Amino acid sequence: MTPSTRQEVLGLYRKVLQIAKNWQSASGRIEETMREKEYIRNEARTLFRKNKNVTDPKLIKQCIEECEARIEIGLHYNIPYPRPIHLPPMGLAHKQGRTLRHQEKLRKISKPIYLKSHDEVS
């Protein structure tokens, strides 16, 4: 990891922790605000620790983009949790063969960047 990339990652981590510190839930209830603050801190801690040994520059860039996207979406919608995606069910494919593999590949490709690591951690 280059020093500039390291500074960018540490800056994102500080930014997430600052957002958690100043977070106010949409409902304004204190217990919900505390729960959401804790979620933001735990999610950041988990994802940054999971990716601390990543050395591939492309993968680092993807992780940075995911973090920035989740920050922007969270601040815009005032919801700290990842926004769900709605993809058509895979019920039309046979249980084996090319069609199922093709549908699984399409589902993986169509997953938004802000959800790339969410299912792996949750």
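The values are calculated or read from the model by the stated rules, or taken from the named source; none is laboratory data. Just so we're clear, the structure is a prediction, and the values are computed from it rather than from any experiment. Keep in mind that these areas ignore ligands, DNA and RNA; they rest on the heavy atoms of the full protein, side chains included. Shrake-Rupley method; radii C 1.70, N 1.55, O 1.52, S 1.80 Å.
Rounded to a whole number, what % of the accessible area of the range 27-68 do carbon and sulfur atoms account for, probe 1.4 Å? Spell out each step's value before the answer.
Details: 1560 of 2860 Å².
Carbon and sulfur atoms account for 55 percent of the accessible area of the range 27-68.
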For this session: Among the aspartates and glutamates, select those whose C-alpha is under 19 Å from the C-alpha of K52, and discard any that sit fewer than 8 residues away in the same chain.
Result: E8, E43, E65, E66, E68, D119, E120
Problem set entry | Note, ³J(HN,Hα) from phi for the range 46-62, Karplus 6.51, -1.76, 1.60, rounded to Hz, x at Gly and Pro | 5, 5, 5, 5, 4, 9, 5, 9, 6, 10, 5, x, 5, 5, 4, 4, 5
For this session: Give me the accessible area per residue for the range 1-63, probe 1.4 Å, as a whole number in Å².
Result: 71 Å²
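By how many nm would the segment from K50 to E31 lengthen if fully extended, with 0.36 nm per residue of separation less the alpha-carbon distance? Before the final figure, lay out each step's value.
Values: separation 19, 0.36 × 19 = 6.84 nm, distance 2.83 nm.
Taking 0.36 nm per residue and subtracting the Cα distance, the gain is 4.0 nm.
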